[in-house]
Amino acid sequence: MAIGSVPLRYRISIDRDRCMECGRCVENCPYGTFRWEGDRIVVDSRTCTACHRCIAMCPRDAITLTEHPCDYRTHPVWTRDARESIYNQAKTGKIILAGMGNASPLPPIFDRLLLDACQVTNPSIDPLREPMELRTYIGKKPSRLSFKRGEGGEVELQTELSPNLKLDTPIMIGHMSYGAISLNAQLALAKGAHEAGTFLGTGEGGMHPAIFPYQDNMIVQVASGRFGVDVDYLNRGAAIEIKIGQGAKPGIGGHLPGEKVCADVSCTRMIPLGSDAISPAPHHDIYSIEDLAQLVRSLKEATEWKKPVFVKIAAVHNVAAIAAGIARSSADAVVVDGFRGGTGAAPKVFRDHVGIPIEAAVSAVDQKLRSQGVRNEISVIASGGITNAADVTKAIALGADAVYIGTAALVAMGCRVCGNCYRGLCPWGIATQRPDLVARLNPEVQAEHVANLIHAWTMEVSELMGAAGINAIESLRGNRDRLRGYMLDEGLLKVLDVKPVGA
Amino acid sequence: MCGIISVVDRAGNLMDGSKIKRALSLMDERGSGEGAGYAAYGIYPEYADCYALHIFFDNIVETKSVVEALLRTWGTVVHDEEIPTYEQPNLKKIHTPWRYFFKPDAALMSGTSSPEEDIVTYLVMKVNTTVPGALIYSSGKNIGVFKAAGWPEDVADFYRIQDYEGYIWLAHNRYPTNTKGWWGGAHPFNLLDWSVIHNGEITSYGTNRRYIESFGYKCTMFTDTEVVAYLVDLLARRHGLDKEMTVRALAPPFWDEIDVMPEKEATLNRAIRLTYGSAMMNGPFAIVVANHDGIVGFTDRIKLRPLIAAEKGDRLYISSEEAAIRRMEPELDRVWMPRAGEPVIGRVY
């Protein structure tokens, strides 16, 4: 045992004066942190993930969780994380998996962008008294319109518009598959999106019949594994999304372990029970932009050109050029997923080190599409690291039409971002398929929370717009004048095309 | 603040500039003495086939030759002269205003259906972005913009506005905020046949600017009004939208209004918002846009700036204040306040 045990990360303690030994902590912790020893509850802090389920369920507030101070020798380079990763790999010889988004302490650019507000010369608009328009249409737009005057002098529109998705808010929910999350969790998201007048993605897991009542709010995904994809699935969705990449793990595919493939998941994904669902990094029929364009058109043909088709890519260094290529296919929207995007499971080394921030990616994509004169013809959806309404507003000011939220929607349902999704033991019934855990999530209640979150953020976005004297989302889109950079370097300001504060 | 007034004689009869000077001066409280200007259509009948380029030179030694070399490269200067000005005690002469009557050589601009306009647009952008000390601020046929930093009456007297006769007049009294009161920043703003006067502040400028620049326009005047002239040029000239449809794109109805329209009308308005969302203007504004065949006035969608219209016989007036209109024409047939976003259009018969 050259390596031996490593120090505790969290310490759980029970206040024995308050505890009434009811056992809810034992029942609620799927990680085995609490157990009975005779008639007394004992704690094994070593297994704790800081999911907070025990604390939330304790009726006497008897449980305390503290982050255990690191007792390694302090070192600026060989951090606790660096050393423990090595111990872990030295023992196992394997890739380290991680759940949720990038956990590196890099400063979010959003936090260094400040929004504008009107003062005397132009009045701010009060959203409580004046109309505020956040309605957003996602899809292809013509570059110009043609009219002719009829005999009676009335105007006749001659240009035919492509189908667009109509959103009551620029906030959508990103793709989280049945398999990665529970059916109850997906159902709650679907109901929440329906109530909020927006859309969510199925992820690459197919569409379970329980979701059918909400199919008009679903964007069906076609990933490299093609799980659950048939023409019925395509036709059920309001739009189709081809997933090329994902912000949390650019350049690699997905892997749902066989243990999570229960009977229901196997039916929905159209794969054998208990088999690993592996979606490889590349699609087997896409090795070039031409191949992608062909798949876009094939999906449109299959659905009689009635559905918008999105293409999702991870934010990588060359993202702008890739998006420009996608804009020239028949695709209706490009989804750019930044390096803070969440995931059920990713190799930690990818999650924390590959890709670029969404702020820079959206800005670069918007700029490139404009310079090529095609920005107006395709929608841009930003995702990966949207944590509040200000981030939504800033993403749109940087050039996005709309955003996808992922982790934020899960947090609205109770997720505590403990980052252990890949273990399938989510105590909140979200990232798990274990029936007893899934049953903990009430889809009705959580749908309301999700809808509440979207409503609340939408109101905040409209207040921020009103403060800036803007009453329609179109006038916020790409409006870099309404942003200023604070403590950002000159190079990044140039990429963002944003002036520094005071300028 | 800012005061605007405009008039069109729909029968094409000419009016001299004396009345509009008096009307604009009535709105001195809307300005700060740092910018005023006039635009008139029909003032150069003897050079009606030429583009009248009005240019401010910081001096006529170093920059004028550079501009003239460019003009000679792209066409012929039929006539040029210093725009006559008359010294005013309250107005400091900063630039030398010069006018060129210019005929572009259409053969030099290939691959376009409007080579002459494209040459002139190119020259405006080229000079204004690459020739320091020169600014082309008026470039239409048979029209001219006259502007400077000063009170309306001083600017009018400086150019002797009463000596010009036009069938459309636009005038503007400026209260500058976003940029200092400089000659180029005074209104009207002009490109080719389009002239714009504006009271307000366009909060969507960042969006509009990025949109218009992707079509090759370059915003050089450091003010939000400039973008209006370019948007109108793009929509009305290059995309061929008529005045009503252009205004519909710039200040469209709200979605709630569109939703209750008859289906055909709703489809039309939805298409305009989807296609021209980035051209839509936001923030407080009252704007009058003119070209050779008329004027159109409109406000932002919640009417955060005043706009009033009036008629007397063939003449249609649009202004910030009724009192200013009555200074030009005390007895009016009709006076009304247009609704937010609703265009008031005066076409020359």
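Values computed for the structure shown
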quantity	calculated
Estimated D of segment A:406-473 in µm² per second, where Rh is the Kirkwood radius over Cα pairs and Stokes-Einstein applies at 37 °C, 0.692 mPa s	240
Tilt relative to chain A, helix A:80-92 - C-alpha long axis, 0 to 90 degrees, to 10	70
Residues in segment B:79-94 that a label on B:GLU68 would reach, taking backbone N under 12 Å of a point 7 Å out along Cα→Cβ	B:79-82
Under 20 Å from the Cα of A:LYS307 - aspartates and glutamates, other chains or at least 8 residues apart	A:GLU160, A:ASP168, A:GLU204, A:ASP216, A:ASP230, A:ASP232, A:GLU241, A:ASP291, A:ASP332, A:GLU377, A:ASP401
Nearest-ten-degree value, helix A:289-302 long axis tilted from longest Cα axis of chain A	80
DSSP-assigned coil residues among trypsin sites (Lys or Arg not before Pro) in segment B:277-349, each with at most 14 further Cβ atoms within 10 Å	B:ARG339
For chain A, share of DSSP beta bridges that run antiparallel, in % to the nearest 5	45
Rounded tilt (10° steps) of A:443-467 against the dominant C-alpha axis of chain A	50
Net charge dipole size for chain A [Lys, Arg +1 and Asp, Glu -1 on Cβ; Debye, nearest 20]	1100
At R0 = 41 Å, FRET efficiency that the Cβ-Cβ distance of A:ALA456 and A:THR66 yields, to 0.05	0.85
Sequence-distant lysines (8 or more away, or on other chains) whose Cα lies within less than 25 Å of B:LYS303	B:LYS243, B:LYS312
Gyration tensor (alpha-carbon) shape descriptor, segment A:275-410, a/c threshold 1.5	oblate
Linear extension gain, A:GLU154 paired with A:GLU27, 0.36 nm per residue minus alpha-carbon span	38.6 nm
Of A:LYS166/A:LYS191; A:LYS260/A:LYS300; A:LYS300/A:LYS368; A:LYS191/B:LYS264, those spanning more than 28 Å from alpha-carbon to alpha-carbon	A:LYS260/A:LYS300; A:LYS191/B:LYS264
Euclidean distance of C-alpha centroids, segment A:332-361 and segment A:459-503, integer Å	23
Cα-based shape type of segment B:210-293, given that a ≥ b ≥ c are square roots of the gyration tensor eigenvalues and the cut on a/c is 1.5	prolate
Two-decimal Rg/Rh across segment A:175-256, once Rg and the Kirkwood Rh are taken from alpha-carbon atoms	0.95
Separation between Cα centres of segment A:250-309 and segment B:237-283, rounded to whole Å	39
Isotropic mean projected area of the C-alpha convex hull, segment B:223-349 (nm²)	8.7
Given charges at Cβ of Lys, Arg, Asp, Glu: segment A:314-410 dipole, positive-most of A:ILE358, A:VAL316, A:GLY341	A:VAL316
Prolate/oblate/rounded call for segment B:3-347, Cα gyration tensor, a/c under 1.5 rounded	oblate
Projected-area average for segment B:21-141 over all orientations - Cα convex hull basis, square nanometres	9.2
For a label point 7 Å along the Cα-to-beta-carbon line of A:HIS75, residues of segment A:1-43 with backbone N under 15 Å	A:3, A:7
For the protein assembly as shown, alpha-carbon Rg and Dmax in angstrom	31.9, 110
Bridge type composition, segment A:238-344 - antiparallel percent by DSSP, nearest 5	25
Percent antiparallel among DSSP beta bridges (both partners in chain B, rounded to 5)	100
Using alpha carbons only: equivalent-ellipsoid semi-axes of segment A:167-478, gyration tensor based, whole Å	27, 23, 18
Inter-centroid distance (Cα atoms) of segment A:177-211 relative to segment A:90-149, Å	22
A:HIS255 long-range amide H proximity, modeled H, under 5 Å	A:SER279
Of B:LYS64/B:LYS126; A:LYS140/A:LYS394; B:LYS93/B:LYS218; B:LYS64/B:LYS103, those spanning more than 21 Å from alpha-carbon to alpha-carbon	A:LYS140/A:LYS394; B:LYS93/B:LYS218
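Every number in this text was worked out from the coordinates using simple rules, so none of it is lab data. Note that the structure is predicted; figures quoted are calculated from it, not measured. Ideal geometry is used to build each Cβ from the backbone, glycine not excepted, and the neighbour counts take in all protein chains shown.
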